[in-house]
Amino acid sequence: MSRSIFVGNLPYSAREQDIADFFGQIGPVVNVRIVFDRETGRPRGFGFCEFETEDAAEKAVGRMNNADFMGRQIRVDHANSR
């Protein structure tokens, strides 16, 4: 298992701190990364959130998938390692 989760369908206005605050209700968040388009510099609408524990990441996938985040229904899943 991993401590990182994939978060999709993020609103383009979301900031890393917004995501950390939202997932912080599940457990301590260590790192958040929003993926940006290399050419335009704009957010691509997805990112990754790393928790302090694997248990918190598992809870986030179970509880937060399809949750409402800033007016959008987000998709949450385990992050695939490259």
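Here are the numbers for this structure:
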read-out: F46 being crowded, with 16+ Cβ neighbours inside 10 Å and not in a loop (DSSP other than H, G, I, E, B); value: no
read-out: Pair list, Cβ under 9 Å, 6 or more apart: the range 15-41 residue surrounded by fewer than 16 Cβ atoms within 10 Å (Cβ to Cβ), other residue assigned to a loop (DSSP other than H, G, I, E, B); value: P28/E52; P28/T53; V30/R3; V30/E52; F36/R42
read-out: The range 35-82, residues that are modelled with pLDDT of 95 or more and of a type in the set (S, T, Y); value: T40, T53
read-out: Only listed residue being in a helix (DSSP H, G or I) and small (G, A, S), chosen from A14, A60; value: A60
read-out: Of residues in the range 5-14 being within 10 Å of the chain's Cα centre (by Cα) and buried (at least 19 other Cβ atoms within 10 Å of the Cβ), the one nearest to A79 (Cα to Cα); value: I5
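The values are calculated or read from the model by the stated rules, or taken from the named source; none is laboratory data. Computed from a prediction, not measured in an experiment: that's the story for all the values here. Reconstructed Cβ throughout: ideal geometry from the backbone, glycine too, with neighbour counts over all protein chains shown.
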